[in-house]
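Novice: Can you keep this structure in mind? I'll have questions shortly.
The values are calculated or read from the model by the stated rules, or taken from the named source; none is laboratory data. Source: prediction; values computed, not measured. Using ideal geometry, Cβ is built from the backbone for each residue, glycine included, and neighbour counts are taken over all protein chains shown. The area values use the complete protein model at the heavy-atom level, side chains included, leaving out ligands, DNA and RNA. Shrake-Rupley method; radii C 1.70, N 1.55, O 1.52, S 1.80 Å.
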Amino acid sequence: MGTLKLKDICIQRKEFELRVPELQVASGAIVGICGKSGSGKSTLLKVIAGFEPFSQGEISVDEKIISQLPPEERRVSIVFQRPALFSHLTVMENVCFGLKIKKLPPVEQKELAMHWLKKLGISHLADRSSVGLSGGEAQRVALARSVVVGFPVLLLDEPFTGLDPELKSSARKAILQTVEELKTATILVTHDPEDISELADEVYLMESGKLTRWTQTRKTDID
């Protein structure tokens, strides 16, 4: 897996400006970004994924510049706060969606999908409709759908919002296991100090479009 690098990123939206002079996320590392709503956290993830344009700068993965590529060619997975599963598909079909686009043989699709469904503790849901899943179940299905394609970059935008404490704990463990197995370069956007303390190797604070590095690392406390 590769390293994600951002250099001299500038995003301008009317009166809002977001600047990231430099940010690097190594393979297998989780960088946490916290900050108030509207500070630019989610916007930054959308820029990396290719869903938002930016004024200047460069984004690269494993030294390959992806800044001008469309989202489907960037090899970047993103999990949003709301899972946004395909309601007309089963859990298995949702997870296999990206693999089908990659034209993997159906047998390989199901084997890979089942691997991650088991890993995330939801293999028993494989044949269920995606409609009617609990919040925690739906979020884990969304995570499986994102990681099964094996992209080198994983972006997590408030992935545990709305989950009860027990589900949050199991979801965090699932994230750690996923990153450790795939060695993804991962960015986690969150407002929850526990997410940061349990998951992040490095921490940044986003304030009014400016990114500042903190010194806290995984398993430390944040006031």
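Novice: Can you tell me which residue within the range 193-223, out of those that are β-branched (Val, Ile, Thr) and open to solvent by 10 Å² or more (accessible area, probe 1.4 Å), is modelled with the highest pLDDT? Explain how you work it out, then say what you get.
Specialist: Going residue by residue through the range 193-223, those that are β-branched (Val, Ile, Thr) are 196, 203, 212, 215, 217, 220, 222.
Imposing the further condition that a residue be open to solvent by 10 Å² or more (accessible area, probe 1.4 Å) reduces the set to 212, 215, 217, 220, 222.
Numbers: Thr212: 88, Thr215: 57, Thr217: 52, Thr220: 42, Ile222: 40.
For the range 193-223, the residue satisfying everything is Thr212.
Novice: Scanning the range 4-24 for residues that are farther than 19 Å from Phe80 by Cβ and open to solvent by less than 70 Å² (accessible area, probe 1.4 Å), which turns out farthest from the chain's Cα centre (by Cα)?
Specialist: Looking at residues that are farther than 19 Å from Phe80 by Cβ and open to solvent by less than 70 Å² (accessible area, probe 1.4 Å), I get Phe16.
Novice: Quick check on my filter: what residues within the range 60-93 are open to solvent by less than 90 Å² (accessible area, probe 1.4 Å) and under 14 Å from Leu155 (Cα atoms)?
Specialist: Result: Val61, Pro71, Arg74, Val76, Ser77, Ile78, Val79, Phe80, Gln81, Pro83.
Novice: So the check is Cβ under 7 Å with 6+ separation or different chains; which pairs have a first residue in the range 79-94 that's touching a residue at least 24 places away in the same chain (Cβ under 8 Å) and a second one that's in a loop (DSSP other than H, G, I, E, B) and of a type in the set (Ser, Thr, Tyr)?
Specialist: As it stands, the answer is Gln81/Thr161; Leu85/Ser130; Phe86/Ser130; Ser87/Ser130; Leu89/Ser130; Thr90/Ser130; Val91/Ser130; Asn94/Ser130, since those pairs meet every condition given.
Novice: Filter the range 118-163 down to the residues that are of a type in the set (Ser, Thr, Tyr) and in a loop (DSSP other than H, G, I, E, B), then identify the one that is modelled with the highest pLDDT.
Specialist: Step by step, filter the range 118-163, then rank; the result is Ser130.
Novice: On to the next question. Identify, please: which residue in the range 166-192 is under 30 Å from Glu15 (Cβ atoms) and surrounded by 15 or more Cβ atoms within 10 Å (Cβ to Cβ) and is, among those, modelled with the lowest pLDDT? Show your work before the answer.
Specialist: Step one: list which residues in the range 166-192 are under 30 Å from Glu15 (Cβ atoms), which gives 187-192.
The next check asks that each one be surrounded by 15 or more Cβ atoms within 10 Å (Cβ to Cβ); those that pass are 187-190, 192.
On the way: Ile187: 97, Leu188: 96, Val189: 95, Thr190: 91, Asp192: 87.
Among residues in the range 166-192 that are under 30 Å from Glu15 (Cβ atoms) and surrounded by 15 or more Cβ atoms within 10 Å (Cβ to Cβ), the one modelled with the lowest pLDDT is Asp192.
Novice: While we're looking at this one, here's another question. May I ask you to list pairs of residues, at least six apart or on different chains, whose Cβ atoms are under 8 Å apart, with the first in the range 35-52 being without any contact (Cβ under 8 Å) to a residue 40 or more places away in the chain and the second being in a loop (DSSP other than H, G, I, E, B)?
Specialist: Matching pairs, first to second residue: Thr43/Glu52; Lys46/Glu52; Val47/Pro53; Val47/Phe54; Gly50/Ile66; Gly50/Leu69; Gly50/Pro70; Gly50/Arg74.
Novice: Hey, any hits in the range 39-57 for a residue that's in contact with an Asp or Glu (Cβ under 8 Å, 6 or more places away or on another chain) and hydrophobic (A, V, I, L, M, F, W, C)?
Specialist: Checking the range 39-57: at least one residue is in contact with an Asp or Glu (Cβ under 8 Å, 6 or more places away or on another chain) and hydrophobic (A, V, I, L, M, F, W, C).
Novice: Here is a further query. Could you count how many residues in the range 35-51 are open to solvent by less than 60 Å² (accessible area, probe 1.4 Å) and assigned to a loop (DSSP other than H, G, I, E, B)?
Specialist: Residues flagged as open to solvent by less than 60 Å² (accessible area, probe 1.4 Å) and assigned to a loop (DSSP other than H, G, I, E, B) within the range 35-51 amount to 4.
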